[in-house]
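Below: the structure, in structure tokens.
The values are calculated or read from the model by the stated rules, or taken from the named source; none is laboratory data. None of these values were measured; they are calculated from a predicted model. For neighbour counting, all protein chains shown are included, and Cβ atoms are generated from backbone atoms with ideal geometry for every residue, glycine included. Please note that ligands, DNA and RNA were not included when accessible areas were found on the heavy atoms of the full protein model with its side chains. Shrake-Rupley method; radii C 1.70, N 1.55, O 1.52, S 1.80 Å.
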Amino acid sequence: MPERKITVTLPDGSEHRVPAGTSAAEILCGTAGRIPADWVAARVNGKAWDLARPLTDDAKVEPIPWDDPEGQRIYHHSTTHIMAQAVKALFPDTKITIGPAIEDGFYYDFDRPQPFTPEDLERIEAKMREIIAADYVVSRYEWPRLRVHEYFQQRGEDYKTELLSEFEGDTFSCYQQGEFIDLCVGPHVPSTGRIKAFKLLKVAGAYWRGDEHKQMLQRIYGTSWPSEELLQAYLHKQEEARKRDHRVLGRQLDLFSINEMVGPGLVLWHPKGAMVRYLIENFWREEHLRRGYDFVYTPHVGRIQLWETSGHLGWYKENMFAAMEMEGQDYMAKPMNCPFHIQVYQSKLRSYRELPVRFFELGTVYRYERGGVLHGLLRVRGLTQDDAHIFCRADQINDEVEAVLDLVFFMMKSFGFEEYKIELSLRDPKDRAKYIGSDAVWDQAEQALETTLQRMDLPYKRAAGEANFYGPKIDIKLVDAIGREWQLPTVQLDFQLPERFDLSYMGEDGQRHRTVMIHRAILGSVERFFGILIEHYAGAFPVWLAPVQARVMTITDRQREYATRVGEQLQAMGIRAETDLRNEKISYKIREAQTEKIPYMLVVGDREVAAEAAAVRLRGGKDLGPMPVQECLARIRDEIDRKV
Ligand SMILES: [Zn+2]
Ligand SMILES: [Zn+2]
């Protein structure tokens with residue numbers, strides 16, 4: 001029988017005829033070639049695929065390196081198999097369940113009556129090192145249902161047989177390395193030796209299937225990296241992140257709280273946090289006025305008809321707070337401000353001459369988020385967006401988008417973000433049905449966004465298929481002080497709401513034309529932005545944002561009067577200053593002010609009184625020595641004005 005041939009297309013576009021059954025690795029590296037160290041798997045017709053797995057049909061084949069997000073998932077997931085293998089080798093009575101990759105790591109849930117101790121984790125790590133050193137080939141089998149069932153049933157792996165009973169199909173893939181076999185869709189790294197550096201991080205309880213009525217399992221978390229350096233860098237960053245956790249700092253600095261009595265995800269701003277918010281919001285309002293925005297205020301609830309017309313009831317209902325009834329009418333808390341701003345736009349006939357109009361509101365919205373995903377200030381149920389809607393003509397899109405991006409960069413600089421990443425989200429040309437609006441409108445809008453980015457000479461990544469169904473958008477990620485990325489500013493074109501609400505303006509030609517609508521938020525929400533700022537600055541806000549900017553401290557009671565006078569001078573200059581006149585050791589007072597991250601400490605003793613001076617210390621520990629009070633005042637005032 002003649003050998004069946006298939007056509008494979010390589011990343012360089014070249015096409016090759018090869019026998020069916022050739023593996024992805026053989027095609028990419030040649031039969032005798034070595035698989036490059038950073039390759040984790042292959043991608044075959046867009047689907048992740050084991051490098052050793054044979055190809056049966058025509059295919060486009062490319063490698064998945066570690067630095068591809070999918071590559072990292074496969075790498076982490078491969079490590080969790082190694083962990084499960086080690087656990088089974090050391091604790092044979094343990095039952096395995098599932099072990100997915102998560103961001104920057106993996107976990108596996110085990111059923112074992114005794115808890116895993118820190119010593120157990122060390123033993124598991126040692127065993128994992130042996131498995132990696134043995135460099136077992138990871139093999140993929142396709143077994144019929146009965147064989148899979150028998151295999152796991154004979155070994156008492158009830159969780160695996162339970163999962164199998166719920167899967168559809170006749171054959172299932174299982175992966176083997178050494179003596180260990182797991183039921184898994186894969187793919188995996190070619191052999192266990194591919195895992196270069198890993199660490200087990202912690203054990204936590206987790207219910208089988210997240211269901212509290214089911215068995216409590218033990219979840220072991222870990223992380224894995226292609227080098228020891230990358231692993232150490234990751235662990236260091238985690239440690240830094242822990243120190244900056246805004247929930248911990250929020251309590252320590254008395255900035256905000258969230259409690260069960262009020263409700264999960266609903267934030268209480270304490271005076272110091274509220275002061276920072278007030279400063280951010282004031283700064284923000286001023287800047288919007290300068291840039292031609294008009295302020296609007298809109299209600300927190302609206303009749304259900306509004307949400308029907310806007311379409312939110314159709315596609316956003318599960319994220320909305322339940323309706324409340326009054327006088328036979330249903331009202332709902334707003335999850336978005338857009339429909340209200342539209343109502344303001346529609347309150348009169350608009351002419352082409354008055355466009356664009358830009359409505360800005362710090363609008364508090366309410367969104368239902370599952371209890372399990374709420375996280376401090378970063379994921380909440382009540383949030384205040386720095387929301388604006390720009391209503392303009394199609395020929396104004398470029399200028400408006402450019403002005404928004406200019407505001408974005410101004411904002412990032414003001415809050416100390418130096419780095420950013422821009423993503424341009426476009427429609428998926430292969431899936432037209434997903435999007436509303438004509439091709440002509442989309443082409444125009446996508447081009448407007450892209451030419452604006454090019455005109456401003458900004459680096460960006462095109463993301464086909466990532467657009468909203470109602471329009472293309474630009475998303476910007478800010479990179480914080482320890483290199484984490486936060487998605488904040490977004491500029492979105494919308495072709496849906498103008499249709500639904502029949503938004504128009506009177507053109508120069510005396511005809512009605514469809515208005516273009518741009519949604520844009522820059523901070524995102526004040527709550528989340530505050531959480532990110534706390535972590536970015538590690539709670540040490542720059543002087544202009546610090547709730548308390550300076551504290552005057554006495555060494556003995558003899559300086560009380562002088563210290564009070566200096567405090568008043570600071571306040572008269574618009575500096576948020578306090579005095580600490582307590583009869584405590586000065587070292588104690590300084591330590592306390594440092595813990596509170598107060599930027600300036602003015603220590604006064606007899607010598608300072610005599611010289612009309614203060615010994616100035618910074619919260620980081622730097623001692624500026626004695627300086628005339630006026631000089632210190634001018635220095636603080638200057639930092640406030642320059643927002644540094
Ligand atoms: Zn697997
Ligand atoms: Zn909007």
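Summary of computed values
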read-out	value
Test for THR79: is it of a type outside the set (D, E, K, R) and assigned to a loop (DSSP other than H, G, I, E, B)	no
So ILE518, is it open to solvent by less than 20 Å² (accessible area, probe 1.4 Å), β-branched (Val, Ile, Thr) and more than 30 Å from TYR600 (Cα to Cα)	yes
Unique match (being of a type in the set (A, V, I, L, M, F, W, C) and surrounded by 14 or more Cβ atoms within 10 Å (Cβ to Cβ)) among ALA572, ALA615	ALA615
Segment 204-227, subset touching a helix residue (DSSP H, G or I) at 6+ places or on another chain (Cβ under 9 Å) and open to solvent by 50 Å² or more (accessible area, probe 1.4 Å), residue nearest to PRO115 (Cα to Cα)	MET216
Within segment 186-235, tally of residues that are over 13 Å from TYR75 (Cβ atoms), part of a strand (DSSP E or B) and not small (Gly, Ala, Ser)	12
Of all residues making up segment 428-470, the number that are out of contact with any Asp or Glu (no Cβ under 9 Å at 6 or more places or on another chain) and exposed (fewer than 15 other Cβ atoms within 10 Å of the Cβ)	14
Residue list for segment 169-185, filter: among the β-branched types (Val, Ile, Thr) and more than 15 Å from ILE96 (Cα to Cα)	THR171, VAL185
Residue in segment 352-405 that is nearest to PHE283 (Cα to Cα), counting only those that are of a type in the set (Ser, Thr, Tyr) and surrounded by fewer than 19 Cβ atoms within 10 Å (Cβ to Cβ)	THR364
Yes/no for LYS60 being over 21 Å from GLU162 (Cα atoms), touching a Leu at 6+ places or on another chain (Cβ under 9 Å) and of a type in the set (Lys, Arg)	yes
Condition broken by CYS632, with the remaining ones in (1) part of a strand (DSSP E or B); (2) within 19 Å of ARG576 (Cα to Cα); (3) not polar (S, T, N, Q) satisfied	(1)
Strands (runs of 3 or more DSSP E) contained entirely in segment 539-621, each with at least 3 residues that are over 21 Å from ALA274 (Cα atoms)	550-554, 600-604, 613-618
Output for segment 152-182, where each listed residue is open to solvent by 40 Å² or more (accessible area, probe 1.4 Å) and part of a helix (DSSP H, G or I)	GLN153, GLN154, ASP158, GLU162, SER165, GLU166
Selection count where residues are farther than 27 Å from GLY193 by Cβ and not in a loop (DSSP other than H, G, I, E, B), scope segment 9-58	6
Single condition TYR297 does not satisfy, out of (1) surrounded by 14 or more Cβ atoms within 10 Å (Cβ to Cβ); (2) of a type outside the set (Lys, Arg); (3) touching a residue at least 60 places away in the same chain (Cβ under 8 Å)	(1)
Hits in segment 476-506 - residues which are open to solvent by 20 Å² or more (accessible area, probe 1.4 Å), in a strand (DSSP E or B) and in contact with an Asp or Glu (Cβ under 7 Å, 6 or more places away or on another chain)	LYS477, TRP486, GLN487, THR490
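Residue-by-condition table, conditions (1) of a type in the set (Ser, Thr, Tyr); (2) out of contact with any Leu (no Cβ under 9 Å at 6 or more places or on another chain); (3) away from ligand 1 (no atom under 16 Å from the Cβ):
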{"site": "PRO335", "(1), (2), (3)": "no, yes, yes"}
{"site": "GLN343", "(1), (2), (3)": "no, no, yes"}
{"site": "TYR352", "(1), (2), (3)": "yes, yes, yes"}
{"site": "PRO356", "(1), (2), (3)": "no, yes, yes"}
{"site": "GLY363", "(1), (2), (3)": "no, yes, yes"}
{"site": "GLY382", "(1), (2), (3)": "no, no, yes"}
{"site": "GLN396", "(1), (2), (3)": "no, no, yes"}
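Results for (1) at positive phi; (2) out of contact with any Lys or Arg (no Cβ under 7 Å at 6 or more places or on another chain); (3) hydrophobic (A, V, I, L, M, F, W, C), shown as yes or no for each residue.
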{"residue": "GLY292", "(1), (2), (3)": "yes, no, no"}
{"residue": "THR309", "(1), (2), (3)": "no, no, no"}
{"residue": "LYS317", "(1), (2), (3)": "no, yes, no"}
{"residue": "PHE321", "(1), (2), (3)": "no, yes, yes"}
{"residue": "GLY328", "(1), (2), (3)": "yes, yes, no"}
{"residue": "CYS338", "(1), (2), (3)": "no, yes, yes"}
{"residue": "GLN346", "(1), (2), (3)": "no, yes, no"}
{"residue": "ARG353", "(1), (2), (3)": "no, yes, no"}
